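The values are calculated or read from the model by the stated rules, or taken from the named source; none is laboratory data. Keep in mind that what you see is a predicted model, and the values were worked out from it rather than measured. Here Cβ is always computed from backbone atoms with ideal geometry, including for glycine, and neighbour counts include all displayed protein chains. To get the accessible areas, we keep the full protein, side chains included, count just its heavy atoms, and leave off ligands, DNA and RNA. Shrake-Rupley method; radii C 1.70, N 1.55, O 1.52, S 1.80 Å.
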Amino acid sequence: MPELKSFNKVPEVTLVFWIIKIAATTLGETGGDTVTMTFKWGYLAGTALFLASLVVLVAWQIVAKKFHPFLYWLTIIASTTFGTTMADFADRSLGVGYTGGSAILLTLLLATLALWYGSLGSISVNTVSTPKVEMFYWAAITFSQTLGTALGDWMAVSSGLGYEGGAVVFGAALAVVAAAYFWTNISRVTLFWAAFILTRPLGATVGDFLDKPVHDGGLALSRPLASAIIAIFILGCLLILPQRAGTHPGQPEMAQK
């Protein structure tokens, strides 16, 4: 029996999408650090809290009958906050390190995308219209968010570039992806996922730059205050700027069954 399809429940990919995505990833960094460091929950408890929130929101997103902007972006924020605490837990508490953590998460992300493609013949977000595809989509989103945190920390700390330098590197990489979108014929689906992954470490380095101590290269801003300001900015974007489910980069290339 064919799987029942529903309306596409992810937003149209526009400039507004990327602005909110970068803000959401920055909030994920400052919000995660607020719970684990400022409130002293620790990485394990913080990870458990945000994982539970993410599971509830993904389930809500899947059972929803149509696109809800606030639900979608709340789920994105939950995934990026969980990504922050999970990456920090693996890198620091488990002793995997930034390089090892990044390698493991990259493998998990590529495996998820490969399973998604092998199962349905496409990894285009245009196909996110059934519960099965939504499960693949949110798994890929979560792994990409966690990978981005590890990459951001690796670039800022292990490479010696610092948070400002890391933000510049990832910002430049995003500019290259944008240029490829406008001036090359590279797969739009590939460019979408490249940009989605790169916005996470950009947000991570910006978030760390805002709240890390001055002697570590940050501005030492209050984590709760920075998180509140970014959350208000995202809320303002959702209230003022249009959000709708719509056409995404690239056409789905569904395998014939």
Restricting to Cα atoms and excluding each atom paired with itself, what does the Kirkwood estimate give for segment 1-71 in Å?
14.5
Of the cross-linked pairs 21/132; 40/212; 21/65, which ones have a Cα-Cα span greater than 20 Å in the structure shown?
21/132; 21/65
Counting only residues 5 or more places away or on other chains, whose amide H sits under 5 Å from the amide H of residue 245 once H atoms are built in the peptide plane?
12
In degrees, nearest ten, helix 97-120 long axis to first principal axis of the chain (Cα):
10
Relative frequency of Cα-Cα separations exceeding 25 Å in segment 129-233, percent:
31
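Using the heavy atoms of the protein chains alone and a 1.4 angstrom probe, what is the accessible area of the chain per residue in square angstrom? Mind dumping the intermediate values first?
Details: 11990 Å² over 257 residues.
In whole numbers, the chain has 47 Å² accessible per residue.
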Which of 160, 197, 181 sits closest to the plus end of the dipole of segment 155-248, meaning its Cα is farthest towards the positive end, when Lys and Arg get +1 and Asp and Glu get -1 on the C-beta?
181
Using 1/(1 + (r/R0)^6) with R0 = 30 angstrom and r between the beta carbons of residue 214 and residue 103, what's the FRET efficiency to the nearest 0.05?
0.45
Rounding to the nearest 10 and keeping the result within 0 to 90°, find how far the Cα-based axis of helix 69-88 lies from the longest principal axis of the chain.
50
Ratio for segment 35-109, C-alpha Rg to 2.2 N^0.38 Å, reads 1.24
On a C-alpha basis, how far is the centre of segment 159-189 from the centre of segment 49-118 in Å? Whole number, if you could?
22
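Give me the net charge for the shell around residue 72: Cβ to Cβ below 13 angstrom, other residues only, Lys and Arg +1, Asp and Glu -1. It would help to have the intermediate numbers written out before the result.
Details: positive: 9, 21, 66, 244; negative: 12, 134.
Counting the neighbours of residue 72, the net charge comes to +2.
Expressed in whole Å with the largest first, what are the equivalent ellipsoid semi-axes of segment 64-211 derived from the C-alpha gyration tensor as the square root of 5 times each eigenvalue?
On the way: eigenvalues 129, 70, 46 Å².
With the √(5λ) rule applied to segment 64-211, the semi-axes are 25, 19, 15 Å.
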Given charges at beta-carbon only (K, R positive; D, E negative), |dipole| of segment 3-135 in Debye
320
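If you place +1 on the Cβ of every Lys and Arg and -1 on the Cβ of every Asp and Glu, how big does the dipole about the Cα centre of the chain come out, in debye to the nearest 20?
On the way: 14 positive and 13 negative charges, 154 e Å.
The dipole magnitude comes to about 740 debye.
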Under the definition of Cα pairs under 8 Å and six or more residues apart, what whole-number percent is the relative contact order of the chain?
31
Given a 1.4 Å probe and every protein chain left where it sits, what share in percent of the accessible area of the chain is carbon and sulfur?
73
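Show 163, 43, 137 ordered by accessible area, largest first, where the area counts protein heavy atoms only and the probe is 1.4 Å.
Numbers: 163 25, 43 45, 137 0 Å².
So the residues, ranked largest to smallest area, are 43, 163, 137.
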Within segment 51-109, which trypsin sites (Lys or Arg not before Pro) sit in a loop by DSSP and count at most 11 neighbouring Cβ atoms inside 10 Å?
65, 66
